[in-house]
Amino acid sequence: MLSWNKNIRLLAVFSALLILIAFGLVLYYAPVEQNMGLVQKVFYFHVSAAWLGMLAFLVAAVCAVLYLRKADLVLDAYAAASVEIGLLFTAIANFTGMIWARPVWNTWWTWDPRLTTMTIMAFTYIAYFLLRRGLDDPLKKARFGAIYLIIGFATVPLTFFSARLLRTIHPTFFGSAGAGEMAMTPAMYQTMGFSIFAFSVLFVLLLIVRTRLRLSAQWLEEQEAFQQEEEFGEVTSG
């Protein structure tokens with residue numbers, strides 16, 4: 001246990017160091033974008049958060065598939081924890097996107113295809129927890145939740161490709177230049193890549209910690225239910 005906790009602390013320190021370096025790169029290494037100015041720097045964390053939100057939903061879908069094959073509640077805990085983290089990163093992506101949109105689009109929000117599909121994706125995964133709350137049996141909760149995650153994952157590629165497949169004013173970063181393409185230099189791409197890596201390590205840390213908390217809470221609920229059954233048995237037998 002001590003060794004495990006030590007590894008978690010080391011990962012936490014490493015993650016914090018990476019985030020600080022990413023901040024430094026954004027502030028001092030990446031040049032100012034010629035069209036948008038300083039507000040463009042928000043996008044290094046906006047893109048990283050959006051990417052990690054989608055990655056978290058992918059991890060949840062993979063855990064769901066594995067759960068249906070192995071029926072291991074640990075996989076269900078990983079899936080639920082990953083969805084929680086995915087929603088957190090999606091909220092961060094929306095918030096930072098609004099900060100960028102206000103001076104660039106002159107509005108906090110617009111029903112652009114990218115923003116619309118991301119909103120649909122977020123509500124799809126919020127509904128996942130409503131589904132779980134409506135089921136008491138842990139096995140049914142895990143099984144129906146896994147099926148829902150596999151189906152709901154369709155919203156993730158829809159969100160990812162919406163800026164390229166649909167008419168949108170949302171800027172893109174990779175691929176051929178177009179009307180929505182942001183002017184990116186090698187230093188900008190390097191900063192973006194490092195930010196995504198830093199957030200990815202943070203995601204791994206959060207996933208491990210949150211899953212352990214879920215498993216601990218599940219164990220306590222099982223012990224409490226077992227104790228209540230014993231007490232009820234003693235009362236009825238007495």
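Hey, among the residues in segment 82-116 that are in a helix (DSSP H, G or I), polar (S, T, N, Q) and closer than 16 Å to Thr159 by Cα, which one's nearest to the chain's Cα centre (by Cα)?
So in segment 82-116, the residues in a helix (DSSP H, G or I) come out as 82-105, 113-116.
Filter once more, so that each one left must be polar (S, T, N, Q): 82, 90, 94, 96, 116.
Keeping just the survivors that are closer than 16 Å to Thr159 by Cα gives 90, 94, 116.
Working: Thr90: 6, Asn94: 12, Thr116: 18 Å.
Within segment 82-116, the match that is nearest to the chain's Cα centre (by Cα) is Thr90.
Among the residues of segment 55-75, are any surrounded by 19 or more Cβ atoms within 10 Å (Cβ to Cβ), touching a Gly at 6+ places or on another chain (Cβ under 6 Å), farther than 19 Å from Ile19 by Cα and aromatic (Phe, Trp, Tyr)? The answer is yes, given that some residue of segment 55-75 is surrounded by 19 or more Cβ atoms within 10 Å (Cβ to Cβ), touching a Gly at 6+ places or on another chain (Cβ under 6 Å), farther than 19 Å from Ile19 by Cα and aromatic (Phe, Trp, Tyr).
Considering Phe45, Phe14, which residue is aromatic (Phe, Trp, Tyr) and closer than 24 Å to Phe95 by Cβ? Step through it out loud before you land on a result.
Details: Phe14 fails: closer than 24 Å to Phe95 by Cβ.
Checking each option against the conditions leaves just Phe45.
This table checks each residue for (1) surrounded by 15 or more Cβ atoms within 10 Å (Cβ to Cβ); (2) without any contact (Cβ under 8 Å) to a residue 12 or more places away in the chain; (3) of a type in the set (D, E, K, R); (4) within 16 Å of Phe43 (Cβ to Cβ).
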site: Ala93; (1), (2), (3), (4): yes, no, no, yes
site: Thr96; (1), (2), (3), (4): yes, no, no, yes
site: Trp100; (1), (2), (3), (4): yes, no, no, yes
site: Asn106; (1), (2), (3), (4): no, yes, no, no
site: Arg114; (1), (2), (3), (4): yes, no, yes, yes
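For segment 41-62, the set of residues classified as touching a residue at least 60 places away in the same chain (Cβ under 8 Å) and over 14 Å from the mean Cα position of the chain (by Cα) consists of Phe43, Tyr44, listed by residue number. Note on segment 13-39: residues that are over 15 Å from Met192 (Cβ atoms), modelled with pLDDT of 90 or more, among the aliphatic types (A, V, I, L, M) and surrounded by 14 or more Cβ atoms within 10 Å (Cβ to Cβ) amount to 1.
The values are calculated or read from the model by the stated rules, or taken from the named source; none is laboratory data. These figures come from a predicted structure and were not determined experimentally. A quick note on method: Cβ atoms are made from the backbone with ideal geometry, for glycine too, and the neighbour counts reach across all protein chains shown.
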